[in-house]
Amino acid sequence: MSRFTSGLTAITGITGITGITADGRPAGFICQAFSSVSLSPPLILVCVAHTSTTWPTIRITGQFSVNILGRDQQPLCATLSSPGYRKLSATDWTPSPYGESA
């Protein structure tokens, strides 16, 4: 976290049952604001737009991952910036070995 000064981050996870989506689908969005609050213990700040339809489907599970995007990931950034919650339906993804986050 001490090395991340600025850039784009994607918040991804697996959807929970919210009445909007089916359980277990990958979901994600480009985070409006992301910052390190503390290095010890590790604590981050994630700011999400009030109008996000994706965040509620991820939040309900209690698990998500933060992905720091590189310059070569502009197509993924464009996909995750689009409205809606089914943005990753045509994207290859693999579950994290640490949990169910995409």
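Any read-out appearing in this document is the output of simple, stated calculations on the displayed coordinates, not a laboratory observation. Values in this document were obtained by computation on a predicted structure and should not be read as measured data.
Overview of results
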| item | result |
| --- | --- |
| Distant-in-sequence amide H partners of Phe64 (H built 1.01 Å from N, under 5 Å) | none |
| For Val48, distant residues with modelled amide H under 5 Å away | none |
